[in-house]
1. Could you list all residues from segment 117-131 that are out of contact with any helix residue (DSSP H, G or I) (no Cβ under 8 Å at 6 or more places or on another chain), of a type outside the set (A, V, I, L, M, F, W, C) and surrounded by 10 or more Cβ atoms within 10 Å (Cβ to Cβ)?
2. Would you mind finding the one in Leu80, Leu36 that is within 13 Å of Tyr8 (Cβ to Cβ) and within 15 Å of the chain's Cα centre (by Cα)?
3. Kindly provide the set of residues from segment 111-122 that are in contact (Cβ under 8 Å) with a residue 60 or more places away in the chain and either in contact with a Gly (Cβ under 8 Å, 6 or more places away or on another chain) or in a loop (DSSP other than H, G, I, E, B) (or both), ordered by number.
4. Scan segment 60-98 for residues that are surrounded by 15 or more Cβ atoms within 10 Å (Cβ to Cβ), within 16 Å of Arg32 (Cα to Cα) and of a type in the set (A, V, I, L, M, F, W, C) and report the count.
5. Taking the criterion of being basic (Lys, Arg) and touching a residue at least 60 places away in the same chain (Cβ under 8 Å), would at least one residue in segment 53-64 satisfy it?
6. For Ala105, state whether it is without any contact (Cβ under 8 Å) to a residue 60 or more places away in the chain, of a type in the set (Gly, Ala, Ser) and either within 20 Å of Val60 (Cα to Cα) or in contact with a strand residue (DSSP E or B) (Cβ under 7 Å, 6 or more places away or on another chain) (or both).
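Read the figures in this text as sums done on the coordinates, not as results from a lab. Just so you know, these numbers come straight off a predicted model, no measurement behind them. Note: ideal-geometry Cβ built from the backbone for every residue, glycine included; neighbour counts use all protein chains shown.
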Amino acid sequence: MDKAIILYDRDCGFCRSSLALILAWDRNERLRPVALQDPEAEQLLADLTPQERMASWHLVGADGNARSAGDALEVLFDHLPRGDAPSAVARRFPGAARKAYRWVADHRSELGRLLPAPVKQKADDYLRRRA
């Protein structure tokens, strides 16, 4: 599998911190992060409205196909070392993956407030290095 693009909300501390963890897992650098606020995101997700783009994270595969929210989890895990098991779970239980993602997305502000500022800063530093 070739490099995929992971699109995230640059203005969300929880999103940035989560992405930093994912990118740390991505030791082979098969993912390229792009903020949803970047012009490239509009091109990659041209078939989505601005509201749909900002409603969740997205993964655009090397084939150009975009998946969003819980539906993107199985493909995300396919790109990560030892991601076979979580990918299989997401593939086998897509409804659960969607619900789990939706719960996290609906509570990201609260979850972000639980993260200490140094954790967010370290995540931001990591994202700058990977960009």
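1. Step one: list which residues in segment 117-131 are out of contact with any helix residue (DSSP H, G or I) (no Cβ under 8 Å at 6 or more places or on another chain), which gives 117-118, 121, 125, 128-129, 131.
This time we only want the ones that are of a type outside the set (A, V, I, L, M, F, W, C), so: 118, 121, 125, 128-129.
Of everything in segment 117-131, those that are out of contact with any helix residue (DSSP H, G or I) (no Cβ under 8 Å at 6 or more places or on another chain), of a type outside the set (A, V, I, L, M, F, W, C) and surrounded by 10 or more Cβ atoms within 10 Å (Cβ to Cβ) turn out to be Gln121, Asp125.
2. Values: Leu80 fails: within 13 Å of Tyr8 (Cβ to Cβ).
Exactly one residue qualifies, and that residue is Leu36.
3. Gly112, Leu115, Lys120
4. The total comes to 8.
5. Here is the first cut: in segment 53-64, the ones basic (Lys, Arg) are 53.
Retained after the next criterion (residues that are touching a residue at least 60 places away in the same chain (Cβ under 8 Å)): none.
There is no residue in segment 53-64 that is basic (Lys, Arg) and touching a residue at least 60 places away in the same chain (Cβ under 8 Å).
6. Working: without any contact (Cβ under 8 Å) to a residue 60 or more places away in the chain: yes; of a type in the set (Gly, Ala, Ser): yes; either within 20 Å of Val60 (Cα to Cα) or in contact with a strand residue (DSSP E or B) (Cβ under 7 Å, 6 or more places away or on another chain) (or both): yes.
For Ala105, the condition - without any contact (Cβ under 8 Å) to a residue 60 or more places away in the chain, of a type in the set (Gly, Ala, Ser) and either within 20 Å of Val60 (Cα to Cα) or in contact with a strand residue (DSSP E or B) (Cβ under 7 Å, 6 or more places away or on another chain) (or both) - is met.
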